[in-house]
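> Handing you a structure now.
None of the figures in this text is laboratory data; all of them are computed from the coordinates on show. Since we're looking at a predicted model, the values are computed, not measured. Here Cβ is always computed from backbone atoms with ideal geometry, including for glycine, and neighbour counts include all displayed protein chains.
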Amino acid sequence: MARTWPGLAGALGGEFREWFTGYARTDPLPPAGGPLADGRAFARALARAGRLPDEGRVEALAVDLRYKRCRAGKSGLAPRSRGSFVLRTAVLARPRRRLILAARLPLLGERWLTLPL
């Protein structure tokens, strides 16, 4: 998972293994979707706990922009590529508070805009 989410793993540094291990003990990992889905579920858990660093927030934004959650068999959700327009936002705290707007446009690709707050 750390190879698929290098920004998140790097931002957590030495605490990454400890936090991910603790998360995996209490929360079942998604049954499908591999490291991409594992990392997204971990990022959600960190966000709920108020521990998601900005690097992880940006990676989660990119995943949410490119993939949607879909049912995977009997249980769980797995990422599936998006084919339509989507708009996502994130608020980052460091180095200065700012808003990121990201859009995925069919045939035009992705557009990212950062605005200071």
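> Would you tally the net charge around I100, using a Cβ to Cβ cut-off of less than 9 Å, leaving I100 out, and scoring K and R as +1, D and E as -1?
Charge balance near I100 sits at +3.
> Still on this structure, please answer the following. Can you put W5, W112 in order of Cβ neighbours within 10 angstrom, beginning with the fewest?
Neighbour counts put them in this order, fewest first: W112, W5.
> What longest range of the chain stays clear of loop-exposed trypsin sites (Lys or Arg not before Pro) (DSSP non-H/G/I/E/B, at most 16 other C-beta within 10 angstrom)?
4-50
> Further question: Towards the positive end of the charge dipole of region 6-82, with charges on Cβ (+1 Lys, Arg; -1 Asp, Glu), say which of Y67, L8, W19 has the farthest Cα.
Final value for the positive-end residue is Y67.
> Here's another thing I want to ask about it. Hey, what number do you get for the chain at 222 nm if only DSSP H runs of n ≥ 4 count, each worth -39500 (n - 2.57), divided across all residues, to the nearest 500?
-12500 deg cm²/dmol
> How high is the FRET efficiency between C70 and R17 when r is their beta carbon distance and R₀ equals 30 Å, given to the nearest 0.05?
That pair, C70 with R17, gives E of 0.50.
> Could I ask something else about it? Mind checking the full-extension length gain between L113 and F85? Use 0.36 nm per residue of separation minus the Cα-Cα distance, one decimal, nm.
Between L113 and F85, full extension yields 8.5 nm more.
> With all pairs of different alpha carbon atoms counted, what Kirkwood hydrodynamic radius in Å does the chain show?
It is 15.0 Å.
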